[in-house]
Amino acid sequence: MASTFLHHLHTGWHVDQAIVQEDEKLVVVRFGHDQSKECALTDELLYSVSEKVSRFVSIYLVDIEEVPDFNEMYELDDPCCLMFFYKNKHMMCDFGTGNNNKLNFLLDDKQELIDILETIFRAARKNKGLAISPYDYNDRRVA
């Protein structure tokens, strides 16, 4: 139900504009299937931290069935994943999983998510394209 309070993007153009037009904040885009359990849990977590991170993060949701424009480009074959952008640049993060392009597993801790977002934002402001996660998820099962 939290997904109703977060901003949905319904076209590829709107996704592009959200990424391109934000000059100060980290843009977090949740790509996935709006009806999946993984996305519902991720959306709840995103909503629960949204107010705390609002000064440096903008959060958007994209249903990859409604907006398939980026599925091939970003290899969006996971049921749910988070991608990060800063000043129109894709931000990668090393979570220890081997996939630095996106966070494609479930988190269940608010503080972990906040710490990850802060780490990526700090790296982005230093013009680094790759952030190192403050947590190692090499034993996490990918969603």
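Condition check ((1) more than 19 Å from HIS7 (Cα to Cα); (2) basic (Lys, Arg); (3) touching an Asp or Glu at 6+ places or on another chain (Cβ under 8 Å)) across all residues:
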| residue | (1), (2), (3) |
| --- | --- |
| TYR47 | no, no, no |
| TYR60 | no, no, no |
| VAL67 | no, no, no |
| GLU75 | yes, no, no |
| HIS90 | yes, no, no |
| ASN99 | yes, no, no |
| LEU107 | yes, no, no |
| ILE120 | yes, no, no |
| LYS126 | yes, yes, no |
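I want to confirm something. Restricting to the stretch 56-104 and keeping residues that are part of a loop (DSSP other than H, G, I, E, B) and hydrophobic (A, V, I, L, M, F, W, C), which single residue is surrounded by the fewest Cβ atoms within 10 Å (Cβ to Cβ)?
Of the residues in the stretch 56-104, the ones part of a loop (DSSP other than H, G, I, E, B) are 56, 64-67, 71-79, 87-88, 95-102, 104.
Cutting the leftovers down to hydrophobic (A, V, I, L, M, F, W, C) gives us 56, 64, 67, 73, 76, 95.
Values: PHE56: 14, ILE64: 21, VAL67: 19, MET73: 7, LEU76: 21, PHE95: 21.
Looking at residues that are part of a loop (DSSP other than H, G, I, E, B) and hydrophobic (A, V, I, L, M, F, W, C), I get MET73.
Provide a single number: the residues in the stretch 33-55 that are of a type in the set (Lys, Arg) and in a loop (DSSP other than H, G, I, E, B). So that I can check it myself, show each step before the final result.
Taking the stretch 33-55 and keeping what is of a type in the set (Lys, Arg), we get 37, 52, 55.
Checking which are in a loop (DSSP other than H, G, I, E, B) leaves us with 55.
Final tally of qualifying residues: 1.
Which one is surrounded by the most Cβ atoms within 10 Å (Cβ to Cβ), of the residues in the stretch 115-134 that are assigned to a helix (DSSP H, G or I) and among the aliphatic types (A, V, I, L, M)? Even if it seems obvious, please write down each step before you answer.
Start the filter on the stretch 115-134 by keeping residues that are assigned to a helix (DSSP H, G or I), which leaves 115-125.
Of the ones still in play, those that are also among the aliphatic types (A, V, I, L, M) are 116-117, 120, 123-124.
Numbers: ILE116: 22, LEU117: 23, ILE120: 26, ALA123: 20, ALA124: 21.
Only one residue fits best here, namely ILE120.
Among the listed residues PHE56, PHE70, which satisfies the condition of being over 22 Å from ILE132 (Cα atoms), touching a helix residue (DSSP H, G or I) at 6+ places or on another chain (Cβ under 9 Å) and among the aromatic types (Phe, Trp, Tyr)?
Testing whether each residue is over 22 Å from ILE132 (Cα atoms), touching a helix residue (DSSP H, G or I) at 6+ places or on another chain (Cβ under 9 Å) and among the aromatic types (Phe, Trp, Tyr) leaves just PHE70.
For the stretch 24-46, check the following and say yes or no: at least one residue is closer than 16 Å to ILE120 by Cα and of a type in the set (Ser, Thr, Tyr). Working first, answer last.
Initially, the stretch 24-46 is screened for residues closer than 16 Å to ILE120 by Cα, giving 24-30, 46.
Of the ones still in play, those that are also of a type in the set (Ser, Thr, Tyr) are none.
Checked the stretch 24-46: no residue is closer than 16 Å to ILE120 by Cα and of a type in the set (Ser, Thr, Tyr).
Return a yes/no flag: does the stretch 109-126 have any residue that is over 21 Å from GLY12 (Cα atoms), touching a Leu at 6+ places or on another chain (Cβ under 8 Å) and free of Cβ contacts under 8 Å to residues at least 40 places away in the same chain. First the steps, then the outcome.
Initial filter on the stretch 109-126 (over 21 Å from GLY12 (Cα atoms)): 109-126.
Next, from what is left, pick out any that are touching a Leu at 6+ places or on another chain (Cβ under 8 Å): 110, 113, 116-117, 120-121, 123-124.
Cutting the leftovers down to free of Cβ contacts under 8 Å to residues at least 40 places away in the same chain gives us 116, 123.
Within the stretch 109-126 (the criterion being over 21 Å from GLY12 (Cα atoms), touching a Leu at 6+ places or on another chain (Cβ under 8 Å) and free of Cβ contacts under 8 Å to residues at least 40 places away in the same chain), the answer is yes, since at least one residue qualifies.
Output the number of residues of the stretch 17-31 satisfying the condition of being under 10 Å from LYS87 (Cβ atoms) and either in contact with a strand residue (DSSP E or B) (Cβ under 6 Å, 6 or more places away or on another chain) or part of a loop (DSSP other than H, G, I, E, B) (or both).
Residues meeting the conditions: 7.
Looking at LEU61, LEU103, LEU82 in this structure, which one is at pLDDT 95 or above and touching a Cys at 6+ places or on another chain (Cβ under 7 Å)?
Numbers: LEU61 fails: touching a Cys at 6+ places or on another chain (Cβ under 7 Å); LEU82 fails: touching a Cys at 6+ places or on another chain (Cβ under 7 Å).
Every option except LEU103 fails the conditions.
Checking the structure you have, find out if any residue of the stretch 7-22 is in contact (Cβ under 8 Å) with a residue 60 or more places away in the chain and either surrounded by 15 or more Cβ atoms within 10 Å (Cβ to Cβ) or at positive phi (or both). Full working, then the answer.
Kept after step one, since they are in contact (Cβ under 8 Å) with a residue 60 or more places away in the chain, are these residues of the stretch 7-22: 19-20, 22.
Of the ones still in play, those that are also either surrounded by 15 or more Cβ atoms within 10 Å (Cβ to Cβ) or at positive phi (or both) are 19, 22.
Scanning the stretch 7-22, I find at least one residue that is in contact (Cβ under 8 Å) with a residue 60 or more places away in the chain and either surrounded by 15 or more Cβ atoms within 10 Å (Cβ to Cβ) or at positive phi (or both), so the answer is yes.
Quick one: in the stretch 74-90, which of the residues that are touching a residue at least 60 places away in the same chain (Cβ under 8 Å) and more than 23 Å from LEU41 (Cβ to Cβ) is nearest to the chain's Cα centre (by Cα)?
Our first condition is that a residue be touching a residue at least 60 places away in the same chain (Cβ under 8 Å); within the stretch 74-90, this holds for 78-81, 85-88.
Subset that is more than 23 Å from LEU41 (Cβ to Cβ): 86-88.
Details: TYR86: 12, LYS87: 15, ASN88: 14 Å.
Looking at residues that are touching a residue at least 60 places away in the same chain (Cβ under 8 Å) and more than 23 Å from LEU41 (Cβ to Cβ), I get TYR86.
The values are calculated or read from the model by the stated rules, or taken from the named source; none is laboratory data. These figures come from a predicted structure and were not determined experimentally. When we count neighbours, we look across all protein chains shown, and the Cβ atoms used for this are built from the backbone with ideal geometry, even at glycine.
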